[in-house]
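**Q** Please find one structure pasted underneath; my questions will follow.
Since every read-out is calculated from the coordinates, none of them should be taken as a lab result. Please read all numbers here as calculations on a predicted model, not as lab measurements. Note that we place each Cβ from the backbone using ideal geometry, even for glycine, and neighbour counts take in every protein chain shown.
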Amino acid sequence: MLMPRLAPLIAALALAAPAAAELRGHGGPVRALAILEGGAAAVSGSFDQSAILWNLRTGEAAAVLRFHEGSVNAVLALPDGQFATAGEDGRIALWRRDRGEPVEVFQAHKRPVVGLALSPDGRRIASASWDGTARVGPVGGGEARLLEGHQGQVNAVAFLPDGRLVTAGYDATLRIWLEGEGSPAIRTLPTPLNAIAVARQGEILAGGADGVLRILNPAGEVRTELDLDAGPILAIAVTGDGERAAIATLRGAVALVDCRTGRETARLVGPGLPVWSLAFAQDGEELLTGGGDRLVRRWNARTGEHIGPVVMARPAELNAVAGSERGAEVFKACAACHTLTPDGGNRAGPTLHGVFGRRIATLPGYNFSPALKALDITWNAETISKLFEVGPARYTPGTKMPEQTVAAEDRKALVEFLEKATR
């Protein structure tokens, strides 16, 4: 096992900035966020394989934590100011703020862990994994319960106030599990599910590939639907009182929603790149977002106004090449993870320069999964279009890409753009 390291964040990584500034330090999209007990600190996880502990009063990074072998996909605040991280390596690590290495480590899953949740009594941690299972175990370690039944990757977990666990997966089902043994109640929705959260009185907020927020009662019956018209939903967060929610999408929109009425009250205007993670301050007055621009941004959670100026620069990849303007707009959701130019290099995903005519998972210098290496796909206009017609998880099992589909007209524009941009 690699020895964990605690590195001070030098000025080149994080600017000594006032608390109102954006939090800068990650080298890849910010995949996960949590504000720790007491509200003065936060932790973030990234595709760059690190977690960062932030001082929210100063806006500075207190520590960079490098432990996981792969992206850090989930973080979770625990009692007494502790926190947990989970990643692509299938491990869950428990941390204290005054320690530079984990105090406990669990090999929880066989594939990436993508979601964590804490039980209402603070004694149990639940995890969701792309190995098709969820796991519930004591915070301090011990025997865990493995929850099986989803047909495909489990993308999210959340506890109801009465201790029952809700899981959501690519198979478009919500499953509500009792604390003891027994089969779950299963609710099938019209779309693969990426995110869930629990609101006031145990109502369940669910979002997935079709971009529709669904609010269900504790029995799993749909009460309200809200079409955000902003692409697949990637993350959901709820205020401590359960009254308001934030919904993040692949196209960069973040909607603030009243959980009681199911109506959108405000929309956050950022740079248009995917927003992967959300966390409300404990008083519900501030919202943190983490996205494809590698920043943690701070927002007024009542008005939706950004704290400090928003840099709206167009991604360099879109300025460097000529092509369909519509195709370039569609590609904006991809630009956080992929470059297009010869000197762009790899990010969370491999560079797309020269992708046409290249066999899948053969680009030198990028660590592809064994599942992708086993596929017989050569990238061309037809196969790239098919990828976004049926969705990455179905067409390329084993991928780290977020689940999404693209309408026919936009697929055509995207392929035309990529054919020119990646030559």
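**Q** To the nearest 0.05, what FRET efficiency results for E389 and E181 with a Förster distance of 35 Å applied to their C-beta separation? Could the numbers behind the result be given before it?
**A** Working: r = 41 Å, r/R0 = 1.17.
Once rounded, the FRET efficiency stands at 0.30.
**Q** Here's another thing I want to ask about it. Mind listing the Cα extents of the chain along all three principal axes, in Å, largest one first?
**A** Extents along the principal axes, in whole Å: 56, 49, 47.
**Q** Follow-up. Rounded to the nearest 0.05, what FRET efficiency is calculated for R359 and K110 with R0 set to 22 Å and r the Cβ-Cβ distance?
**A** Numbers: r = 27 Å, r/R0 = 1.21.
Once rounded, the FRET efficiency stands at 0.25.
**Q** What's the local net charge at P79, with K and R +1, D and E -1, over the other residues with C-beta under 15 Å away? Working shown, then result.
**A** Values: positive: R96, R97, R123, R124; negative: E37, D80, E104, D121.
It works out to a net charge of 0.
**Q** Provide the packing ranking of 280-287, 326-333, 113-120, 367-374, i.e. peptides ordered by the mean count of other C-beta atoms within 10 Å per residue, highest first.
**A** Values: 280-287: 17.0, 326-333: 20.4, 113-120: 22.1, 367-374: 12.5.
With the highest mean Cβ count within 10 Å placed first, the list reads 113-120, 326-333, 280-287, 367-374.
**Q** Given the -39500 (n - 2.57) contribution per DSSP H run of 4+ residues, what per-residue ellipticity at 222 nm results for the chain, rounded to the nearest 500 deg cm²/dmol? Mind showing how you got there, number by number?
**A** Values: 6 runs with 43 residues, N = 423.
The helix-only estimate for the chain comes to -2500 deg cm²/dmol at 222 nm.
**Q** Quick check: residue separation of A407 and K420 times 0.36 nm, minus the Cα distance between them. What number comes out in nm? Please list the in-between numbers first.
**A** Working: separation 13, 0.36 × 13 = 4.68 nm, distance 2.03 nm.
Length gained between A407 and K420: 2.6 nm.
**Q** Kindly state, to the nearest 0.05, the FRET efficiency for L372 paired with D80, given R0 = 51 Å and r defined as their beta-carbon distance.
**A** On the way: r = 41 Å, r/R0 = 0.80.
That gives a FRET efficiency of 0.80.
**Q** Note the per residue figure in Å³ for the convex hull of the C-alpha positions in segment 181-288.
**A** Working: hull volume 11.4 nm³, N = 108.
Enclosed volume per residue, from the Cα hull, is 106 Å³.
**Q** Tell me the GluC sites (Glu not before Pro) within segment 95-152 that lie in a loop according to DSSP and have at most 15 other beta-carbon atoms within 10 Å. Can you show the working numbers first?
**A** Numbers: sites: E104, E143, E148; in loops: E143.
Passing both the DSSP loop test and the Cβ count: E143.
**Q** Follow-up question, since we're still on this one. Taking the Cβ of R187 as the centre, find all other residues whose Cβ is under 11 Å away and add up their charges (Lys, Arg: +1; Asp, Glu: -1). Please report the intermediate quantities before stating the final value.
**A** On the way: positive: R175, R214; negative: E221.
Net charge around R187: +1.
**Q** Percent of Cα-Cα pairs more than 13 Å apart in segment 339-390, please.
**A** Here the tail beyond 13 Å accounts for 61 percent of pairs.
**Q** Could I ask something else about it? Using a Cα-Cα cut-off of under 23 Å, which lysines could be cross-linked to K386, ignoring same-chain neighbours fewer than 8 residues away?
**A** Output for K386: K332, K373, K400, K412, K420.
**Q** Pairs of alpha-carbon atoms within less than 8 angstrom and 6+ residues apart define the contacts here; what relative contact order does the chain have, in percent?
**A** Working: 1151 pairs, mean separation 41.1, N = 423.
Reported relative contact order: 10 percent.
**Q** Can you tell me how much longer the chain between D98 and E264 gets when fully stretched, taken as 0.36 nm per residue apart minus their C-alpha distance, in nm with one decimal? Don't skip to the answer; put the middle values down first.
**A** Details: separation 166, 0.36 × 166 = 59.76 nm, distance 3.99 nm.
Extending this stretch completely gives an extra 55.8 nm.
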